[in-house]
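The values are calculated or read from the model by the stated rules, or taken from the named source; none is laboratory data. Everything quoted here is computed from the prediction, not taken from an experiment. Reconstructed Cβ throughout: ideal geometry from the backbone, glycine too, with neighbour counts over all protein chains shown.
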């Protein structure tokens, strides 16, 4: 594996069992590979009410790792949060 990897999963996903992502993470660790992982608590496949958070997180991840756009703000603004 080359480059950056972000694994995401809902912890109560009823389509793809979370163990699948954990197995991938386990093998990556054993191989000494760096990766980022986000588990969405209480969310199924597609992340439900966390969808906006997921999408913004992906935009930031791509901007950072593909474009070199390292933002110094740490919070993700959501439309319904008022941030």
When residue 43 is run through (1) surrounded by fewer than 13 Cβ atoms within 10 Å (Cβ to Cβ); (2) at pLDDT 90 or above, the failure sits at (1)
Which is modelled with pLDDT of 95 or more and under 11 Å from the mean Cα position of the chain (by Cα), of 28, 6, 22? 6
Can you pull out every residue in region 1-40 that is surrounded by 11 or more Cβ atoms within 10 Å (Cβ to Cβ), part of a loop (DSSP other than H, G, I, E, B) and in contact (Cβ under 8 Å) with a residue 12 or more places away in the chain? 4, 5, 11, 12, 13, 16, 33, 35
Yes/no for residue 50 being exposed (fewer than 14 other Cβ atoms within 10 Å of the Cβ), in a helix (DSSP H, G or I) and modelled with pLDDT of 80 or more: no
